[in-house]
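The values are calculated or read from the model by the stated rules, or taken from the named source; none is laboratory data. If you're wondering where the values come from, they're calculated on a predicted model, not measured in any experiment. Every residue, glycine as well, gets a Cβ built from its backbone with ideal geometry; the counts of neighbours run over all protein chains shown.
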């Protein structure tokens, strides 16, 4: 670890544990480990715990909780992490139908890099990405670790409507649009999975700390999975990272 | 009881205390901008503190009542009238079928009123809350502000609801919205990203609420706050009342509809009571920030909770107290009262002279 984590006040309802101002698997691994530790402790008055790239915000009810108790639980958690904290190994497999109407920017991304569309798909699906955090819009996942050889700048003119499930590239980042929204990412494909459904608990398919791998599918399988999703019978495939499904 | 919207007002939304517990998936909390007013109004109509009410901004709606129940306006005095007769804020009224509730505009301090109704506004609960999050088009009444023709259904009222009518919130239990009060700010989480002078500027300068002030955040104009080494950080959580300072050096206080995460340095976080008071300020009004420790801020929250408890007991006392036996009209010329003075009960008949 590069820095000693610091605990900062954030008003009367929050403590922020800051692990360092950078994006790295080591730092995020510490964030996730402390989150699990505190969640397992079930401390009275803690309302919610929110992980980001580099920090953990611990929200509490100032009337029902004891600030010193929460602070000492955080210290206990930090000392128990030591060097042993490591990032998770669970990997969610997201089926994606690349190109065509689902990924209108696949040809231009391929052209930008002087490679074939198939090669873009192979590189995008060939390397696991890590979900650092969710934010921006409900369920939007900040994924890091995409093969940088297909990093592509955002569109000059953002689209007004991007359908939910669209998979895009923006610079070195890749991501999945959880809801229909405007946006400027280069769209290369679409997943039939519902990434965000507020009527479900949890409302999002992904969670911070999960690995994500994209699995190329064809239109027939897309339709098949979409039908299962609609029936509510589709189960997200979660494997150990590196395992071949 | 149901409320029919004849005209919606400037920005009228259904809000409770917010959609807590889902910030980790990027879901903003939303909820009442002035929770102090919402909690009190709910107690005054014998609802749980967290029941949904109408948050009314500056210009209120015009509503027709179907059925009967209680209403109370808390927060800002927006000139409420029942059947055209001016009514007081912070007082519980009984309304009947076909009554109209309208608002003539701001009187005195504040710009947000909370119309609390017996039983609460019964829109579907989504992820544990009935609050409207307009940008996300979710919660509240179809995920949006009210429009003409909407019909709001109220929940099941307290069984003795009509005994709450006439209750008035004691003056000392009403929030103090005086513009001269500073906003209490706990320094951090990124106060170490600012120069000493920058922090002094923030705590001593006079800031003006800019026209860019909405449910998401209040941008302030005033003396520029200096950073040590840039304003951008790797995205971090944003809590209610966080004071973000982007590169331009002007503070932005993050309010109910704030995004869950952001990449600007936060010099301080203002307390919950200060957020509620700020929510009542209008563009052009000035504010000052004053430093407070986190422990003091916790104490402030606890004394607020005690005030809420005192109000709850006052309402209980009102419900239990003897009162008029006959009340046929809204303003009767005569009536009978049962009074209890030092243990002795009296029947009093009275007549308007």
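Applying the selection to the stretch B:143-160, what residues are under 30 Å from residue B:323 (Cβ atoms) and either out of contact with any strand residue (DSSP E or B) (no Cβ under 6 Å at 6 or more places or on another chain) or in a loop (DSSP other than H, G, I, E, B) (or both)?
Matches in the stretch B:143-160: B:155, B:156, B:157, B:158, B:159, B:160.
Against the conditions (1) surrounded by 18 or more Cβ atoms within 10 Å (Cβ to Cβ); (2) in a loop (DSSP other than H, G, I, E, B), where does residue B:249 fall short? Just the number, please.
Every condition holds for residue B:249 apart from (1).
Name the residues in the stretch B:10-23 that are surrounded by 23 or more Cβ atoms within 10 Å (Cβ to Cβ) and either within 7 Å of chain A (Cβ to nearest Cβ) or more than 14 Å from the chain's Cα centre (by Cα) (or both), would you?
Residues satisfying the conditions are B:19, B:22, B:23.
Within the stretch A:97-106, identify whether any single residue is at pLDDT 95 or above, in a helix (DSSP H, G or I) and either in the same structural domain as residue A:174 (by TED's automatic domain parsing) or under 23 Å from the mean Cα position of the chain (by Cα) (or both), and answer yes or no.
Yes, the stretch A:97-106 contains at least one residue that is at pLDDT 95 or above, in a helix (DSSP H, G or I) and either in the same structural domain as residue A:174 (by TED's automatic domain parsing) or under 23 Å from the mean Cα position of the chain (by Cα) (or both).
Against the definition (surrounded by 19 or more Cβ atoms within 10 Å (Cβ to Cβ), under 22 Å from residue B:213 (Cα atoms) and within 14 Å of chain A (Cβ to nearest Cβ)), how does residue B:114 come out, yes or no?
The answer is no for residue B:114.
Per-residue answers, yes or no, for (1) farther than 19 Å from residue B:75 by Cα; (2) in contact (Cβ under 8 Å) with a residue 12 or more places away in the chain; (3) at the interface with chain A (Cβ under 9 Å from one of its Cβ atoms); (4) assigned to a helix (DSSP H, G or I):
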position: B:281; (1), (2), (3), (4): no, yes, no, no
position: B:295; (1), (2), (3), (4): yes, no, yes, yes
position: B:299; (1), (2), (3), (4): yes, no, yes, yes
position: B:304; (1), (2), (3), (4): no, yes, yes, yes
position: B:307; (1), (2), (3), (4): no, yes, no, yes
position: B:310; (1), (2), (3), (4): no, yes, no, yes
position: B:319; (1), (2), (3), (4): yes, yes, no, yes
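Filter the stretch A:36-52 down to residues that are part of a helix (DSSP H, G or I) and without any contact (Cβ under 8 Å) to a residue 40 or more places away in the chain and give me whichever is nearest to the other protein chains (Cβ to nearest Cβ).
A:39
Taking the conditions exactly as written (at pLDDT 95 or above and under 26 Å from residue A:5 (Cα atoms)), does residue B:206 satisfy them or not?
Criteria not met by residue B:206.
When the residues of the stretch A:114-123 are filtered to those that are surrounded by fewer than 19 Cβ atoms within 10 Å (Cβ to Cβ) and in a helix (DSSP H, G or I), which remaining residue is nearest to the other protein chains (Cβ to nearest Cβ)?
That would be A:123.
Taking the residues in the stretch A:57-74 that are within 9 Å of another protein chain (Cβ to nearest Cβ) and part of a strand (DSSP E or B) as candidates, determine which candidate is farthest from residue A:30 (Cα to Cα).
Checked the stretch A:57-74; the qualifying residue farthest from residue A:30 (Cα to Cα) is A:59.
How many residues are touching a residue at least 40 places away in the same chain (Cβ under 8 Å) and not in a helix (DSSP H, G or I) if we restrict to the stretch B:161-195?
So the count comes out to 23.
What strands (runs of 3 or more DSSP E) lie completely within the stretch B:54-105 and have 1 or more residues being within 15 Å of the chain's Cα centre (by Cα) and closer than 26 Å to residue B:143 by Cα?
B:69-75
Any chance the stretch B:169-184 includes a residue that's surrounded by 15 or more Cβ atoms within 10 Å (Cβ to Cβ) and either within 30 Å of residue A:138 (Cβ to Cβ) or within 14 Å of chain A (Cβ to nearest Cβ) (or both)?
Yes - at least one qualifying residue is present in the stretch B:169-184.
Say we look at the stretch B:27-53 and pick out the residues that are assigned to a helix (DSSP H, G or I) and within 16 Å of residue B:257 (Cβ to Cβ); which of these is nearest to the other protein chains (Cβ to nearest Cβ)?
Among residues in the stretch B:27-53 that are assigned to a helix (DSSP H, G or I) and within 16 Å of residue B:257 (Cβ to Cβ), the one nearest to the other protein chains (Cβ to nearest Cβ) is B:35.
Here are some conditions: (1) more than 10 Å from residue B:14 (Cβ to Cβ); (2) away from chain A (no Cβ under 14 Å). Residue B:127 meets all but one. Which one does it not meet?
Result: residue B:127 passes all but (2).
Of all residues in the stretch A:1-30, which are in a strand (DSSP E or B), closer than 12 Å to residue A:52 by Cβ and touching a residue at least 40 places away in the same chain (Cβ under 8 Å)?
Once the filter is applied, which keeps residues that are in a strand (DSSP E or B), closer than 12 Å to residue A:52 by Cβ and touching a residue at least 40 places away in the same chain (Cβ under 8 Å), the stretch A:1-30 yields A:16, A:17.
Determine which member of the set B:189, B:246 is within 12 Å of residue B:267 (Cβ to Cβ), over 22 Å from the mean Cα position of the chain (by Cα) and at pLDDT below 95.
Just one listed residue meets the conditions, B:246.
So, residue B:123, is that one at pLDDT 95 or above, outside any strand (DSSP E or B) and buried (at least 20 other Cβ atoms within 10 Å of the Cβ) or not?
yes
Any idea how many residues of the stretch B:129-142 are more than 19 Å from the chain's Cα centre (by Cα), in a loop (DSSP other than H, G, I, E, B) and modelled with pLDDT under 95?
3
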